[in-house]
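The values are calculated or read from the model by the stated rules, or taken from the named source; none is laboratory data. Bear in mind that the values here come from a model prediction, so they are computed numbers and not experimental data. When we count neighbours, we look across all protein chains shown, and the Cβ atoms used for this are built from the backbone with ideal geometry, even at glycine. Side chains included, ligands, DNA and RNA excluded: accessible areas come from the protein's heavy atoms. Shrake-Rupley method; radii C 1.70, N 1.55, O 1.52, S 1.80 Å.
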Amino acid sequence: MKRTMKWYRVLACAVLACLLLPAAALARGLIDISKLGSLTIQYPCQDADFQIYRVAEVSSYGEYTLTGNFKGYSVSLDQPDQARWRALAATLEGYAARDGLQALAEGKTDANGRMTFTGLEPGMYLVTGEK
């Protein structure tokens, strides 16, 4: 019986020692903001017009800040759910139309309904187009 008790104590000490060792935290890594990206749209018809606007820049830590013509708008980029993100997109689309903001790029879908915006700096973008 004494041997069994010693075994459990050794096991308990080993488990506690493992818990005290440094462990990797579940954290997102840094964003490489020097790389350019692209965005491809798939739409059910050809020759549909789309525009893209750069709304916010992103830091290497994943923090967004309004940029360009969008700096002056009083909106929050901290939205809790999809419904609020859709509402924010609609609001920004309305501001862009009302104020005649210049799109970063424009284009039309091809015969397969695809269109790609290339050379995009990391950030948050608003895409508008035909409904």
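Quick notes on this one:
- Matching residues in the stretch 93-108 - criterion: being of a type in the set (A, V, I, L, M) and open to solvent by 40 Å² or more (accessible area, probe 1.4 Å): 97, 104
- Condition broken by residue 37, with the remaining ones in (1) exposed (fewer than 10 other Cβ atoms within 10 Å of the Cβ); (2) of a type in the set (Gly, Ala, Ser); (3) touching a residue at least 24 places away in the same chain (Cβ under 8 Å) satisfied: (1)
- Number of residues in the stretch 78-113 that are charged (D, E, K, R) and within 19 Å of residue 36 (Cβ to Cβ) equals 1.
- Scanning the stretch 114-131 for residues that are open to solvent by less than 80 Å² (accessible area, probe 1.4 Å) and closer than 26 Å to residue 32 by Cβ gives 115, 116, 117, 119, 120, 122, 123, 124, 125, 126, 127.
- Sole residue being touching a residue at least 60 places away in the same chain (Cβ under 8 Å), loosely packed, with under 15 Cβ neighbours inside 10 Å and among the aliphatic types (A, V, I, L, M), chosen from 111, 90: 111
- Looking only at the stretch 67-87, and only at residues there that are small (Gly, Ala, Ser) and farther than 15 Å from residue 127 by Cα, the one that is surrounded by the fewest Cβ atoms within 10 Å (Cβ to Cβ): 74
- Of the residues making up the stretch 47-61, not a single one is part of a strand (DSSP E or B), open to solvent by less than 40 Å² (accessible area, probe 1.4 Å), on the phi > 0 side of the Ramachandran plot and touching a Ser or Thr at 6+ places or on another chain (Cβ under 9 Å).
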